[in-house]
Amino acid sequence: EVQLVESGGGLVQAGGSLELSCKFSGFTADDYAIGWFRQAPGKAREGVSCFSSSYGNTHNADSVKGRFTASSDSAKNTVYLQMNNLKPEDTAVYYCAAVMESSLCTQGMDYWGKGALVNVSS
């Protein structure tokens, strides 16, 4: 029932910006958290940002602080990840994931999207 679909990925030059969208449906609670994760080739999946329906953008990884911001448009059932000043090391597949009745993002989120590729050229 729960679905998350990422969109907005693509190719961008270093220093540029992209906004990813995570359209969600089938949520069973008003209290939820949606996390953004990424996985680059040959690397482990890492948490990027966490958005809580109650508290907003609660966490950002040190590597993206000051550059990435998570936000939402509740009327559109969508969470966004605005990515500014992109760097080649940001290149990865980006996933959104959700957990119900929680404000915490972890690697053990219950529901995951299929991912969107972000490729930042040098």
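The values are calculated or read from the model by the stated rules, or taken from the named source; none is laboratory data. None of the values given here were measured: they were computed from a predicted structure. Virtual Cβ from ideal backbone geometry, glycine too; neighbours counted across all protein chains shown. These accessible areas exclude ligands, DNA and RNA; they are computed on the full protein's heavy atoms, side chains included. Shrake-Rupley method; radii C 1.70, N 1.55, O 1.52, S 1.80 Å.
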*Among 63, 21, 49, which is the only one that is modelled with pLDDT of 95 or more, within 25 Å of residue 119 (Cβ to Cβ) and not in a strand (DSSP E or B)?*
63
*out of contact with any Lys or Arg (no Cβ under 6 Å at 6 or more places or on another chain) and among the small types (Gly, Ala, Ser) - does that describe any residue in the range 82-98?*
yes
_Based on this model, can you work out whether residue 21 counts as over 18 Å from residue 108 (Cβ atoms) and surrounded by 15 or more Cβ atoms within 10 Å (Cβ to Cβ)?_
yes
*Residue check, residue 38 against (1) more than 11 Å from the chain's Cα centre (by Cα); (2) basic (Lys, Arg); (3) assigned to a strand (DSSP E or B), all met but one. Which one?*
(1)
*Any idea which of (1) assigned to a strand (DSSP E or B); (2) open to solvent by less than 50 Å² (accessible area, probe 1.4 Å); (3) of a type outside the set (S, T, N, Q) is the one residue 16 doesn't satisfy?*
(1)
